[in-house]
Amino acid sequence: MGVLQRADDMIKEEVADLKGARPADSKIEEVLRVNMGAPSWLTRTFLEDGGYMKTLFSLLVPIMTPLLKLLFFLVNCIPGRFRHTVTIKAFKLWLALHRRLPPWVVRRGMSDNMSLEAHSLHNILWWARIIPCPIFGMRFGLSQLGNNFPSSAPVEYHDSKHTPGLRSGYVKILPDSVPKEKRPVLLWAFGGAYVSGDVAGNVPVAEHYGRTMNCDVFVVDMRLCPEYQVTDAVLDLYRGYLWLLERVPAENILMLGISSGGGAVLRVCQLARASQQEREEYFGSERGEVPPGAPQPAGAILLGPFVKYTKVEGSMLDNCKYDLIVSPRVLEAILPSRCVMAGGEDRLVICSPLAQTMEGLPPLMISVSEHECLIDEDLLLAEKAQAAKVDVELSTRPYMPHVYQMLSPFVPEAAEEEQKIFDWMRRRGGIWANKEAKKTTEEVKEEKEARKEEEEEEKANKGEEEEKKEEGEQSKQQQQQQQ
């Protein structure tokens with residue numbers, strides 16, 4: 001335990017005197033609504049240890065596990081396009097209902113400053129916190145991530161020559177005629193706290209990014225815990241990066257990591273410029289040949305990155321009452337096994353990207369919600385990286401859950417953040433500043449303003465027409481009275 005305490009103390013000392021990364025308005029001075037604003041006497045039985053309903057659900061889930069697994073299997077047999085259509089239409093109907101009901105009924109999210117769409121989504125996702133979250137349930141949930149986006153691009157699957165069973169997906173957006181030196185590729189690392197996530201569920205989202213940026217996307221398959229360890233997942237991602245480097249130059253590659261995938265991306269970048277001895281110490285001889293060093297990519301996008309595994313504290317515990325994704329139920333499922341996932345308590349430090357040096361990293365974009373569980377460690381990451389002279393852009397937004405960026409088809413806050421990510425990618429220059437990519441944030445804003453002006457003009461014209469109508473009716477009535 002002393003090693004972990006020293007590691008945490010070291011991290012705190014390194015960032016204690018740093019300035020500039022933490023946004024001045026990151027602490028929102030308002031009373032946030034918890035558990036839909038329901039009184040604690042009502043929610044206590046569902047949410048607190050020892051509550052009758054929480055105990056009942058905990059007993060029921062193991063009994064219902066065979067039935068749930070069968071249901072999940074049948075859902076996955078439904079074609080992806082149909083699932084996407086049902087998901088989008090169902091949310092539109094749900095949102096339409098929210099628009100017709102009084103605000104005090106439907107605005108039950110943490111703040112009234114959230115969009116109605118965000119409240120609508122909150123009113124669906126909140127209920128997950130009363131049900132136990134076994135790992136097979138988490139894996140099913142993340143396998144449905146692709147339902148949010150349509151998918152039609154061809155995908156080339158590549159089997160790992162190192163680990164049987166791993167199949168990474170290469171989403172082809174660009175035609176074969178584009179030479180490798182002009183081919184931008186986004187390397188994609190899925191999230192899921194290292195225990196869940198898959199290629200199939202991430203391909204539609206990756207395709208959405210690829211089509212917007214006019215680039216190919218390589219979704220790397222990674223082994224999961226508890227069957228394997230965090231180091232195995234990082235090794236799979238590292239090997240995926242080396243495979244990609246054989247096909248395109250490093251300056252053509254951007255990396256994107258979601259949650260634990262963000263931590264894995266950061267650790268890959270750190271290990272790529274580390275000494276061979278450091279890589280041997282991290283990977284160990286039992287995993288076969290230790291991979292060589294590698295050049296840094298053009299940049300890395302980290303969406304709510306999970307980077308600190310040494311001690312559970314701060315926002316990880318405080319914000320789970322607000323976070324719709326990393327809820328107390330999720331923490332109950334993950335935190336007890338974190339030492340096993342790392343390969344032992346003594347491996348927590350070496351596995352934590354936040355505990356490593358940041359020198360020599362590529363430009364980073366860190367996108368995180370101010371009210372999610374990982375905000376504290378991500379602010380520390382931005383501060384530490386900036387102190388190491390790394391080009392860092394930190395983007396924060398209040399009231400959103402963990403990895404809300406994946407919810408852009410539903411929530412305007414997520415769509416706006418997604419545009420910021422695309423703008424950052426374009427600013428890498430070179431082949432990433434391509435003219436074929438879709439509209440920038442400024443262009444989207446201009447279009448919104450133009451639409452607003454058109455709507456206001458239409459309203460004004462309608463108002464004038466109605467006034468003329470009323471005047472005409474009044475004059476008719478006056479004529480009739482005179483007659």
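The values are calculated or read from the model by the stated rules, or taken from the named source; none is laboratory data. Note that the structure is predicted; figures quoted are calculated from it, not measured. FYI the Cβ positions are ideal-geometry reconstructions off the backbone, even for glycines, and counts take in every protein chain you see. Side chains included, ligands, DNA and RNA excluded: accessible areas come from the protein's heavy atoms. Shrake-Rupley method; radii C 1.70, N 1.55, O 1.52, S 1.80 Å.
Within segment 47-61, residues that are within 14 Å of Pro328 (Cα to Cα) have Cβ atoms under 7 Å from residues that are surrounded by 12 or more Cβ atoms within 10 Å (Cβ to Cβ) and aliphatic (A, V, I, L, M) in these pairs: Leu47/Ile130; Lys54/Leu47, counting only partners at least 6 apart in sequence or on another chain. Please indicate, with yes or no, whether at least one residue in segment 233-241 is among the aromatic types (Phe, Trp, Tyr), part of a loop (DSSP other than H, G, I, E, B), closer than 27 Å to Arg428 by Cα and open to solvent by less than 10 Å² (accessible area, probe 1.4 Å). No; the residues of segment 233-241 include none that is among the aromatic types (Phe, Trp, Tyr), part of a loop (DSSP other than H, G, I, E, B), closer than 27 Å to Arg428 by Cα and open to solvent by less than 10 Å² (accessible area, probe 1.4 Å). Taking segment 140-150, which residues are over 13 Å from Asp198 (Cβ atoms) and open to solvent by less than 40 Å² (accessible area, probe 1.4 Å)? Those that are over 13 Å from Asp198 (Cβ atoms) and open to solvent by less than 40 Å² (accessible area, probe 1.4 Å): Asn147, Asn148, Phe149. Is it the case that some residue within segment 286-293 is under 23 Å from Tyr241 (Cα atoms), surrounded by 20 or more Cβ atoms within 10 Å (Cβ to Cβ) and not β-branched (Val, Ile, Thr)? Looking for residues that are under 23 Å from Tyr241 (Cα atoms), surrounded by 20 or more Cβ atoms within 10 Å (Cβ to Cβ) and not β-branched (Val, Ile, Thr), one finds none in segment 286-293, hence no. Give just the number: which of (1) more than 25 Å from the chain's Cα centre (by Cα); (2) in a helix (DSSP H, G or I) does Ala90 not satisfy? With (1) more than 25 Å from the chain's Cα centre (by Cα); (2) in a helix (DSSP H, G or I) applied to Ala90, the lone miss is (1).
The single condition among (1) under 28 Å from the mean Cα position of the chain (by Cα); (2) modelled with pLDDT under 95; (3) among the small types (Gly, Ala, Ser) that Ser115 does not meet is (2).
With respect to the conditions (1) touching a helix residue (DSSP H, G or I) at 6+ places or on another chain (Cβ under 9 Å); (2) in a helix (DSSP H, G or I); (3) open to solvent by 40 Å² or more (accessible area, probe 1.4 Å), Arg108 falls short on a single one, namely (2). Determine which single condition Ile431 fails, assuming it passes every other condition in (1) touching a helix residue (DSSP H, G or I) at 6+ places or on another chain (Cβ under 8 Å); (2) under 29 Å from Ser111 (Cβ atoms); (3) assigned to a helix (DSSP H, G or I); (4) open to solvent by 10 Å² or more (accessible area, probe 1.4 Å). Tallying (1) touching a helix residue (DSSP H, G or I) at 6+ places or on another chain (Cβ under 8 Å); (2) under 29 Å from Ser111 (Cβ atoms); (3) assigned to a helix (DSSP H, G or I); (4) open to solvent by 10 Å² or more (accessible area, probe 1.4 Å), Ile431 fails exactly one: (2). For segment 352-388, a residue qualifies if it is crowded, with 22+ Cβ neighbours inside 10 Å, polar (S, T, N, Q) and within 21 Å of Gln296 (Cβ to Cβ), and the qualifying residues are Ser352, Ser367. Assuming Gly137 fulfils every condition listed in (1) in a helix (DSSP H, G or I); (2) open to solvent by less than 10 Å² (accessible area, probe 1.4 Å); (3) within 30 Å of Leu32 (Cβ to Cβ) apart from one, which condition is it? Failing condition for Gly137: (2).
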